[in-house]
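The values are calculated or read from the model by the stated rules, or taken from the named source; none is laboratory data. Just so you know, these numbers come straight off a predicted model, no measurement behind them. Note that we place each Cβ from the backbone using ideal geometry, even for glycine, and neighbour counts take in every protein chain shown.
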Amino acid sequence: MKGIERKLYFSVFLILILTWIGIFRWAYERFKTTPFLSSPSVVSHVGINQYPVVIKIPRVTIYAYMSRPGDTFQSIAHQFGVSVQAIRSLNHANASRDHLKPSKMVLVPSKNGIYYWVQPGVNLSAVAHAYQVSIKTLLLDNHIRSNASFQSRSIIYIPPGHYLSKKNPRWIVLKHLAHETGFIKPVSGWISDEFGERIDPITQLPEFHEGLDIAADEGTPVVAAQKGIVIFAAFDHWGYGNLVIIDHGHGLISKYAHLSKILVKKYQLVQRGQVIGLVGETGDATGPHLHFEIRLNGIPQDPLIYLAH
Ligand SMILES: [Zn+2]
């Protein structure tokens, strides 16, 4: 009798200890403070595209950090103790440029890995295939129940060790997959200005840049980023200059501004990749470039999210 009682007490004691360890671990993860200089704030809803992206990745905290003069992705990564790839992928910054503009919001994850922005038309198995990670891992790490509950414009966490380099053939696989139904870059050229807050090059006042500027020589062909119907093809007096607007359905439209020449007509059906005009500097432009916009239900979106990268 004594022996059984002792065993019982011991079991209860063990269960209590384990419960306490569990509670302490949870509390530590939940309330651990970050020893960083700029006291970043925790975000769960991110409006960097004026489109609320809900980040619900289990056991990952996302910090919003305001960049200061001299900051680089490398220095921020070092400061926060995470990989450069983790930060770059979360911020959709695949460009080779390392320096950041001051006062730019940078999202910093608490966990290493790749944060993949889901492109329209890309499903979970395509991501799993491109990063050579099992679907089961992705489902578990992202708390998704099935491929069906996988949403476009959300962020998928890919565990470390699966980074897709641009030289990697798997990168090309993903790029093609995204191209199947996604948007393509409408002109070859370098991105001279990104979507978001900036100083207007003409008025020198802060403004919200509603598109992406791609610098290219005057006369470079501009193609439709996705198939659709031309709903505007004329000179716009509000600064866009020669402008083409294409309606892609599902509430999505794309705009191509400052063209030197328009090569399509209103109500014309265009295919993805079809030439619609030539690069110019009509309207409010400081040099030849394409101002490219994507709007969802009238709200400007970051085109980089929609383009295969
Ligand atoms: Zn622009």
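Return a yes/no flag: does segment 212-224 have any residue that is of a type outside the set (A, V, I, L, M, F, W, C), within 13 Å of the ligand (Cβ to nearest atom), assigned to a strand (DSSP E or B) and modelled with pLDDT under 95. I'd like the intermediate steps shown before the answer.
Initially, segment 212-224 is screened for residues of a type outside the set (A, V, I, L, M, F, W, C), giving 213, 217-221.
Of the ones still in play, those that are also within 13 Å of the ligand (Cβ to nearest atom) are 213.
Of the ones still in play, those that are also assigned to a strand (DSSP E or B) are 213.
Applying the additional criterion that residues be modelled with pLDDT under 95 yields 213.
Yes; the residues of segment 212-224 include at least one that is of a type outside the set (A, V, I, L, M, F, W, C), within 13 Å of the ligand (Cβ to nearest atom), assigned to a strand (DSSP E or B) and modelled with pLDDT under 95.
Six or more apart or on different chains, Cβ atoms under 6 Å: show the pairs whose first residue is in segment 257-275 and more than 16 Å from the ligand (Cβ to nearest atom) and whose second is modelled with pLDDT under 95 and not β-branched (V, I, T).
Close Cβ pairs satisfying both conditions: Q271/K227; R272/Q226; R272/K227.
For segment 288-309, which positions are at pLDDT 90 or above and either part of a loop (DSSP other than H, G, I, E, B) or away from the ligand (no atom under 13 Å from the Cβ) (or both)?
P288
Looking at segment 161-181, is at least one residue at pLDDT below 75, buried (at least 18 other Cβ atoms within 10 Å of the Cβ), within 29 Å of H78 (Cβ to Cβ) and in contact with a Lys or Arg (Cβ under 6 Å, 6 or more places away or on another chain)?
Within segment 161-181 (the criterion being at pLDDT below 75, buried (at least 18 other Cβ atoms within 10 Å of the Cβ), within 29 Å of H78 (Cβ to Cβ) and in contact with a Lys or Arg (Cβ under 6 Å, 6 or more places away or on another chain)), the answer is yes, since at least one residue qualifies.
Filter segment 271-291 for residues that are surrounded by fewer than 19 Cβ atoms within 10 Å (Cβ to Cβ) and farther than 18 Å from P303 by Cα and give the result.
Within segment 271-291, Q271, Q274, V275, E281, G283, D284, T286, G287 meet the criteria.
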